[in-house]
Amino acid sequence: MSAVPTPAALFDLTGKRAAVIGGTGVLGGRFAQSLAAAGAEVAVLGRSEERGTAVVAEIEAAGGRARFIAADVSDRTTLGVAAADLAQGGGIDILVNAAGVNGKTPFAELGDEEWERLLEVNLTSVFRACQIFAPQMSNRPDGASIINISSASSGPPLSKVFGYGVAKAGINNLTQYLARELAPEGVRVNAIAPGFFPAEQNRALLTRERVDSIIGHTAMRRLGSPEELDGALLWLAAPLASGFVTGAVIHVDGGFSAMTI
Ligand SMILES: NC(=O)c1ccc[n+]([C@@H]2O[C@H](COP(=O)([O-])OP(=O)(O)OC[C@H]3O[C@@H](n4cnc5c(N)ncnc54)[C@H](O)[C@@H]3O)[C@@H](O)[C@H]2O)c1
């Protein structure tokens, strides 16, 4: 048997290169900071340069290494340019797909355009990003890790998030398909399914009434805080910690998905 690593060694990402798509968002920004704090050099990808450079500045202020690359995950061209840039620098070991949009259009009123927007950003864009980045993640010495962001809405149906929930259910299945597809090349593919964390995309949805309803169905009786995703993220990113884990969907939701009335 090999020597027992220290916890610090288990989660050490020194020398690893990561890209966080949607690193401009509340959870994505935190993911970028956590990966950088563990030693990774991080590329923050997104549409908002202002938000992206602010995340980079926070990482640098904490002693980490990061840069912003403009990319729209719905646009194969800009995503391809960003991927080529990162491939030229040696490729990436970790990809986090954390872009997302939400919408509360009820089923009966959900038009094709809104349906396609929800499916496009929350599901198709993840397929697209994985396809574009997989070649530079293949056959690396310690393997590589893709982390998709699913949601508690991917399980038994919630009210008000019809298209979003269907897209997130697709993320769980896409994660398993990609795990199978990319295992021969040493790329692990997993997902984190967060419960409810106040962010930009769900600001309009999280009314007092809705929050009360969510908390009523959450074993721990509260919403989550972004730092409570750090452990799952770093575990799935670190080859020493999760080298035999692929195709998994990890729920970080205070027991929401374990509850019924
Ligand atoms: N906050 C929660 O409670 C929660 C729960 C479950 C899952 N999620 C998922 O977590 C991920 C992060 O979302 P968040 O909650 O931090 O919301 P957020 O709105 O703060 O962040 C989402 C980010 O995605 C970016 N984005 C949207 N469309 C894009 C595009 N076409 N190209 C590039 N970037 C784009 C937005 O600009 C934003 O910066 C999403 O996948 C979301 O569905 C969030």
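The values are calculated or read from the model by the stated rules, or taken from the named source; none is laboratory data. If you're wondering where the values come from, they're calculated on a predicted model, not measured in any experiment. FYI the Cβ positions are ideal-geometry reconstructions off the backbone, even for glycines, and counts take in every protein chain you see.
Of the set (1) in contact with a helix residue (DSSP H, G or I) (Cβ under 7 Å, 6 or more places away or on another chain); (2) under 17 Å from Pro226 (Cα atoms); (3) surrounded by fewer than 22 Cβ atoms within 10 Å (Cβ to Cβ), all apply to Leu10 but (2). Residue by residue through region 88-109, note down the ones that are over 19 Å from the mean Cα position of the chain (by Cα), outside any helix (DSSP H, G or I) and closer than 28 Å to Arg188 by Cβ. Those that are over 19 Å from the mean Cα position of the chain (by Cα), outside any helix (DSSP H, G or I) and closer than 28 Å to Arg188 by Cβ: Gly89, Gly90. Arg30: charged (D, E, K, R) and crowded, with 22+ Cβ neighbours inside 10 Å, yes or no? Taking the combined requirement at face value, the residue satisfies it. Return yes or no: is Gly80 surrounded by 24 or more Cβ atoms within 10 Å (Cβ to Cβ) and either in a strand (DSSP E or B) or within 16 Å of the ligand (Cβ to nearest atom) (or both)? It is false that Gly80 is surrounded by 24 or more Cβ atoms within 10 Å (Cβ to Cβ) and either in a strand (DSSP E or B) or within 16 Å of the ligand (Cβ to nearest atom) (or both). Within region 52-59, not a single residue is farther than 21 Å from Ala199 by Cα and free of Cβ contacts under 8 Å to residues at least 40 places away in the same chain. When Thr218 is tested against (1) modelled with pLDDT under 95; (2) within 13 Å of the ligand (Cβ to nearest atom), exactly one condition is not met: (1). Taking every residue in region 223-237 that is of a type in the set (Gly, Ala, Ser) and pairing it with any residue that is more than 14 Å from the ligand (Cβ to nearest atom) and not in a helix (DSSP H, G or I), at least 6 positions away or on another chain, the pairs with Cβ-Cβ distances below 6 Å are Ala237/Ile94; Ala237/Ser145. Are any residues in region 152-172 farther than 13 Å from Ala248 by Cβ, assigned to a helix (DSSP H, G or I) and more than 11 Å from the ligand (Cβ to nearest atom), and if so, which ones? The answer is Phe162, Gly163, Val166, Ala169, Gly170. Counting the residues of region 98-123 that are within 30 Å of Leu35 (Cβ to Cβ) and either β-branched (Val, Ile, Thr) or more than 7 Å from the ligand (Cβ to nearest atom) (or both) gives 8. If you go through region 168-187 and pick out every residue that is surrounded by 24 or more Cβ atoms within 10 Å (Cβ to Cβ) and more than 14 Å from the chain's Cα centre (by Cα), you end up with 2. Restricting Pro184, Pro239, Pro194 to residues that are touching a helix residue (DSSP H, G or I) at 6+ places or on another chain (Cβ under 9 Å) and either of a type outside the set (Asp, Glu) or within 18 Å of Leu13 (Cβ to Cβ) (or both) narrows the list to Pro194. Do we find a residue being closer than 17 Å to Ala99 by Cα and touching a helix residue (DSSP H, G or I) at 6+ places or on another chain (Cβ under 8 Å) anywhere in region 204-220? Checked region 204-220: no residue is closer than 17 Å to Ala99 by Cα and touching a helix residue (DSSP H, G or I) at 6+ places or on another chain (Cβ under 8 Å).
Residue count for region 133-171 satisfying the condition of being over 23 Å from Ile92 (Cβ atoms) and in contact with a helix residue (DSSP H, G or I) (Cβ under 7 Å, 6 or more places away or on another chain): 16. Can you tell me which residues in region 209-261 are basic (Lys, Arg) and not in a helix (DSSP H, G or I)? Once the filter is applied, which keeps residues that are basic (Lys, Arg) and not in a helix (DSSP H, G or I), region 209-261 yields Arg221, Arg222.
Looking at Pro194, Pro135, just one residue is within 8 Å of the ligand (Cβ to nearest atom) and either of a type outside the set (Gly, Ala, Ser) or touching a residue at least 24 places away in the same chain (Cβ under 8 Å) (or both), and that residue is Pro194.
Asp253 falls short on exactly one of the conditions (1) within 13 Å of the ligand (Cβ to nearest atom); (2) surrounded by fewer than 20 Cβ atoms within 10 Å (Cβ to Cβ); (3) within 30 Å of Ala9 (Cα to Cα); (4) among the acidic types (Asp, Glu), and that condition is (2).
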